[in-house]
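Below you'll find the structure, written out as structure tokens, and then a few comments.
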Amino acid sequence: MKSLKKSAIATIINAALLSAAGTSISAFAAEEETAKKSNQLEVIQVTARKRVENAQEVPVAVSALQGDNLDAYSSAGMDIRFLNAKIPSLSIESSFGRSFPRFYVRGLGNTDFDLNASQPVSLVVDEVVQENAILKGFPVFDVERVEVLRGPQGTLFGRNTPAGLVKFDTVKPSQEFDGYGSVSYGSRGAVDTSGAVGGALTDRLSARVSLLWQDKDDYIDNQAPGFEAKDEQGGYTEKAARVQFLYEGDDFTALLNYHTRDLDGSPIAFRANVIKAGTNELVDNYENDVVYQDAASRSTQQVESEGASLKLEWELKNHTITSISAWESAEIYSRADIDGGYGGFSIDDVPVAMGPGFIPFSSESADGIPDHNQLTQELRLSSNFDGDLNYQVGVFYFDEELTIENFSYDTSNNGVLNGYVRQQQDTTAWAVFGSVDYTFSDDLKVTAGLRYSDDDKDFVADRTLSPIGGGALLVERDVSDDHVSWDLSANYKVNDDVNWYGRVANSFRAPSLQGRILFGDDVTTAESETVTSYETGIKSDVLDGQGRVNATVFYYTMDDQQLTAVGGGANFNRLVNADKTTGYGFELDTQWVLSDEFNATFNLSYNKTEIKDNDLAVAVCAQCTVTDPTFQVAGAFGPEDRAILDGNSLPHAPEWISNFTLRYTKELADGNFFASGDISYRSKINMFLYESVEFEGKELIETGLRTGYTWSEGDYEYEVAAFVRNLFDEQQVIGAVDFNNNTGIVNEERYVGAEFKVNFF
């Protein structure tokens, strides 16, 4: 608001001066041009290629989320899953709740819930990769911009990016004093508080401190007979902080970043037999604030993480040298009633009553990371020539030491420990990379890149206690591989408003290990997967800068895709490689200035994925209705069904994702009234590799509204707002457990809240 006032004053002064000089007609024209430009879309700067560039000129399918839309989506104290279906081809889900998000881009992701699971979508925060899934759950606050890069990004960003990349850039320190404070209160007693303050410490040194505190009361009642309790699950307390120092010399800058997180709460609510048999509908008596569990009182989730990074940059005559050194660490303990019900066991050979529905056996387990350290180092040299040729070259090093603990508990004996596995995985990786840009003409620019990567994992799984009498077991595995990733792209300027680009890229995901041996004896491995992607698209500004239309079509083939056979009648995971997987589709990303008062966005994506492997088959669910062709094999307890996967789509890969936003602003009194709404749509999904009636997730539509008033007083800008997320309280099963009963995970219910925010300068 303040900037608008300054702009208006400047226009009036200029008009008066010009009028006094007898140029009133010119003044009118200048004022008209100023008004015209204020009604145009802003230029979005991204760092998709590790340089600051206009997003419209980057030959990569990239979407950026910032400003008002980012604020609206992140309302309600949501974790990073608020991005689900908000950007073309991006979906996010979790079976751990707030602590373990799983990302999917263009249908490619990983359903594995083990704590050493690798993902084909990388998360990079402030130029540092967040490899472990627990690191990916860091709260989103004081963030300047979110970028989603679709398609392989291995050349510049390295390992484990065959599907794409999600990139967060936080607000950095500056010499200008500024900050904000925000507090909101909403449904179920939820409080969301965040704030930041920054400015100059000296004429060369600046700092910024960012804080977050979120709290929600337990609200889920346990109504299992004999275990009744009020408000036993669903709450959490989350605290996070970030401190940054920026030194700006004549030709040298240094940015120090330290961040920490502490989460104490409940795991996601598992609900036994919440899916109506023979359908994918919720049972008729479903209640969001009720569970029926015999181990609910022992359910808990605690996460602690911290990290630090140091970015050093030297500006030479024609080059920039960049060094990024970083350390990340995470700890977690998450314990839950996995079967989601009660009973399923006997005491003194007397069966205990079970429910809801049939519970074949009880499952109470926990996973933890007691020790984790990730070290990364990147060194880059980037040219800054005025001529047609520019390049960047670099080296990268990654080292991770990860300890995982798996626990099983005897629910029939008050949760006494009856199974324990300790896993140790040490990963070292290094790479050299380079990228060259060449401008053939004013209209045509070509980019080529190469990256050599070497990856090695040493793994040990040590079982000292088995819940099924398997005895002690020690298994060691080592996997390694190297690969050359590459990309070639061209950007052609059709005219001042339209750019065409084409891109072909190759990337890989390093070999993986799966050592969850509580309920089995096999440590499985998966070979490296490789992907080659082809895409072309148009990036255009239309209607004299009042509209932006970006469209992409793509096709990819993936060889030896790493897949996780989750559950399937037994409580363990198994890694497999699919011979080939194909995917194709399109993405549409648009923004519109409809008038001085209305702004809108509309996004749409279509993704068709298909597994092509005649010999690949996996175990199936215990009680669901499988629709794939099946055959039987001999098992430990009799014949077991196997589903043939050839022709199936990938799990958690919706064909359609769409999002629409509309924002209205109106000057009112001494401030601005605003109202915004958004609708996101995700088509149906398969929750597992095999297809079944019960585990086909229904289409999901979620709507959000936000309205409020902003005004300025001196150096302060104030905002009061009311908002609602999931307006129509759409409740659907979005995840499941298949090895026991038709246990489901349901999306967040409707959330209503109010917020007060102040910005200061």
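The values are calculated or read from the model by the stated rules, or taken from the named source; none is laboratory data. It should be emphasised that the depicted structure is a prediction, and the values quoted were computed from it without experimental measurement. Cβ atoms come from the backbone with ideal geometry, glycine included; neighbour counts cover every protein chain shown.
Observations, loosely collected:
- When we screen Thr581, Thr630, Thr625 for residues that are β-branched (Val, Ile, Thr) and buried (at least 20 other Cβ atoms within 10 Å of the Cβ), the only hit is Thr581.
- Of the residues making up the stretch 66-103, those that are more than 26 Å from Asp262 (Cα to Cα) and not in a helix (DSSP H, G or I) are Ala85, Lys86, Ile87, Pro88, Ser89, Leu90.
- Screening Phe674, Phe660 for residues that are surrounded by 18 or more Cβ atoms within 10 Å (Cβ to Cβ), of a type in the set (Phe, Trp, Tyr), touching a residue at least 12 places away in the same chain (Cβ under 8 Å) and not in a loop (DSSP other than H, G, I, E, B) leaves exactly one candidate, Phe674.
- Selection within the stretch 527-559 - among the charged types (D, E, K, R) and more than 24 Å from the chain's Cα centre (by Cα): Glu527, Lys539, Asp541, Asp544, Arg548, Asp559
- All positions within the stretch 386-422 that are farther than 30 Å from Asn318 by Cβ and of a type in the set (Val, Ile, Thr): Thr403, Ile404, Thr411, Val416, Val421
- Options Phe674, Phe631: the member that is farther than 21 Å from Thr601 by Cβ and among the aromatic types (Phe, Trp, Tyr): Phe631
- Residue that is nearest to Ala461 (Cα to Cα) [pool: residues in the stretch 101-122 that are surrounded by 24 or more Cβ atoms within 10 Å (Cβ to Cβ) and among the hydrophobic types (A, V, I, L, M, F, W, C)]: Leu115
- Residue match in the stretch 712-722 (condition: modelled with pLDDT of 95 or more, within 24 Å of Glu287 (Cα to Cα) and in a strand (DSSP E or B)): no
- Any hit, the stretch 196-208, residues being modelled with pLDDT of 95 or more, within 23 Å of Gly753 (Cα to Cα) and over 16 Å from the mean Cα position of the chain (by Cα): yes
- Residue in the stretch 481-488 that is under 30 Å from Leu518 (Cα atoms) and either surrounded by 15 or more Cβ atoms within 10 Å (Cβ to Cβ) or of a type outside the set (Val, Ile, Thr) (or both) present: yes
- Total residues in the stretch 39-65, condition of a type in the set (A, V, I, L, M, F, W, C) and assigned to a helix (DSSP H, G or I): 1
- In the stretch 643-654, residue surrounded by the fewest Cβ atoms within 10 Å (Cβ to Cβ) [restricted to those that are over 11 Å from Asp615 (Cα atoms) and not hydrophobic (A, V, I, L, M, F, W, C)]: Gly647
- Extreme residue, modelled with the lowest pLDDT, among residues of the stretch 592-638 that are assigned to a loop (DSSP other than H, G, I, E, B) and of a type in the set (Val, Ile, Thr): Val620
- The residues of the stretch 268-279 that are of a type outside the set (Val, Ile, Thr) and either touching a helix residue (DSSP H, G or I) at 6+ places or on another chain (Cβ under 8 Å) or surrounded by fewer than 22 Cβ atoms within 10 Å (Cβ to Cβ) (or both), listed by number, are Lys276, Ala277, Gly278.
- Residue match in the stretch 328-344 (condition: surrounded by 15 or more Cβ atoms within 10 Å (Cβ to Cβ), more than 30 Å from Ala296 (Cα to Cα) and among the hydroxyl-bearing types (Ser, Thr, Tyr)): no
- Qualifying residue in the stretch 167-188 (condition: part of a helix (DSSP H, G or I) and either crowded, with 16+ Cβ neighbours inside 10 Å or not acidic (Asp, Glu) (or both)): yes
- Matching residues in the stretch 639-657 - criterion: being part of a loop (DSSP other than H, G, I, E, B) and among the aliphatic types (A, V, I, L, M): Leu645, Leu650, Ala653
- Some residue of the stretch 310-322 being surrounded by 16 or more Cβ atoms within 10 Å (Cβ to Cβ) and either touching a His at 6+ places or on another chain (Cβ under 7 Å) or assigned to a loop (DSSP other than H, G, I, E, B) (or both): no
- Failed criterion for Asp589 (all others in (1) surrounded by fewer than 19 Cβ atoms within 10 Å (Cβ to Cβ); (2) in a strand (DSSP E or B); (3) touching a residue at least 12 places away in the same chain (Cβ under 8 Å); (4) out of contact with any Gly (no Cβ under 8 Å at 6 or more places or on another chain) hold): (1)
- Being under 15 Å from the mean Cα position of the chain (by Cα) and in contact (Cβ under 8 Å) with a residue 12 or more places away in the chain is a property that Leu149 has.
- Restricting the first member to the stretch 276-294 and to residues that are without any contact (Cβ under 8 Å) to a residue 24 or more places away in the chain and more than 15 Å from Ala736 (Cβ to Cβ), and the second to residues that are of a type in the set (D, E, K, R) and assigned to a loop (DSSP other than H, G, I, E, B), the beta-carbon pairs closer than 8 Å and six or more apart or on different chains are Asp284/Lys276.
- Cross-chain or 6+ apart pairs with Cβ under 7 Å, the stretch 380-391 first and free of Cβ contacts under 8 Å to residues at least 24 places away in the same chain, then of a type outside the set (S, T, N, Q) and not in a strand (DSSP E or B): none
- Members of the stretch 518-559 found to be among the acidic types (Asp, Glu) and surrounded by fewer than 19 Cβ atoms within 10 Å (Cβ to Cβ), listed by number: Asp521, Asp522, Glu527, Asp544, Asp559
- The number of residues in the stretch 61-109 being charged (D, E, K, R) and either under 25 Å from Asn577 (Cα atoms) or at pLDDT below 85 (or both) comes to 5.
- Taking the criterion of being farther than 15 Å from Tyr73 by Cα, within 25 Å of the chain's Cα centre (by Cα) and in a strand (DSSP E or B), the residues of the stretch 724-761 that qualify are Val733, Ile734, Gly735, Ala736, Val737, Thr743, Gly744, Ile745, Val746.
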